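**Student:** My structure is below; once you've seen it, I'll send some questions.
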Amino acid sequence: MIGRLRGILAEVEADHCVVDCGGVGYVVACGSRTLQRLPAPGDEATLHVEHVWNAESGPRLYGFLDRSERRAFTTLTGIQGVGPKAALSVLDVLPPGDLAAAVAREDKAAVARANGVGPKLALRIVTELKGKPLGDVSFTPSAPGVHVAAPAPAPSLTGEAVSALLGLGVAEVNARRAVDQALIRLGEDADLSAVIRAALQELGR
């Protein structure tokens, strides 16, 4: 079972990328939001991977830039009628935190914005996700018509660093890419200020 890949990003296509790990190229299916945030081909990349077996197509790898998205993906694919492709489509339009918020307010229309997800499937997703964790967040109904969020986790290092770069006028896509590369260099236990400095170096500032 493969849980993470770290290597040289060899190719980026419309629905997947290829990561070269020690001379072996792994084809990893990704959502468009993940593909947009990858480093440039030739640079090092780290992907959190979900290994899915399909009786028709065999094994396939699905990649994400953080563990929260991978956990949300596995939760979504546990719902009847939601395959890997639909789960990626949902996460393209609603990252884990936004999806949890949509579930909390029973916003079926927001979920149905995902490519290939119709109203009936959107309703099933919202119904079955109530109270379930989506990545690092979960929303639980407290009373009819009223929904409250479960205690929110502390802001992530990635989120804080990206917010800091956004405050400096960096575009979100560039900010996330720079922070991801900084964390690859420094590790996830790095100090916030060190991550910001390293990200700014990645941006050439």
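The values are calculated or read from the model by the stated rules, or taken from the named source; none is laboratory data. This structure is a prediction, so every number in the text was calculated from the model and none was measured. Here the Cβ is made from the backbone with ideal geometry for all residues, glycine too, and neighbour counts use every protein chain on show. We work out accessible area using only protein heavy atoms, side chains counted, and drop any ligands, DNA or RNA first. Shrake-Rupley method; radii C 1.70, N 1.55, O 1.52, S 1.80 Å.
**Student:** Would you check which residues across the range 1-21 are touching a residue at least 24 places away in the same chain (Cβ under 8 Å) and either open to solvent by 40 Å² or more (accessible area, probe 1.4 Å) or of a type in the set (G, A, S) (or both) and list them?
**Tutor:** If the condition is that a residue be touching a residue at least 24 places away in the same chain (Cβ under 8 Å) and either open to solvent by 40 Å² or more (accessible area, probe 1.4 Å) or of a type in the set (G, A, S) (or both), then M1, I2, G3, R4, R6, G7, I8, A10, E11, V12 are the ones that fit.
**Student:** How many residues does the range 12-68 hold that are more than 20 Å from M1 (Cβ to Cβ), among the acidic types (D, E) and under 15 Å from the mean Cα position of the chain (by Cα)?
**Tutor:** Residues in the range 12-68 being more than 20 Å from M1 (Cβ to Cβ), among the acidic types (D, E) and under 15 Å from the mean Cα position of the chain (by Cα): 1 in total.
**Student:** Quick one: is G42 under 24 Å from G187 (Cβ atoms) and part of a loop (DSSP other than H, G, I, E, B)? Write out each step before concluding.
**Tutor:** Working: under 24 Å from G187 (Cβ atoms): yes; part of a loop (DSSP other than H, G, I, E, B): yes.
Yes: the conditions hold for G42.
**Student:** Kindly indicate whether any position in the range 63-74 is assigned to a strand (DSSP E or B) and in contact (Cβ under 8 Å) with a residue 24 or more places away in the chain.
**Tutor:** Looking through the range 63-74, at least one residue is assigned to a strand (DSSP E or B) and in contact (Cβ under 8 Å) with a residue 24 or more places away in the chain.
**Student:** While we're looking at this one, here's another question. Within the range 169-182, is there a residue that is at pLDDT below 80 and in a helix (DSSP H, G or I)?
**Tutor:** yes
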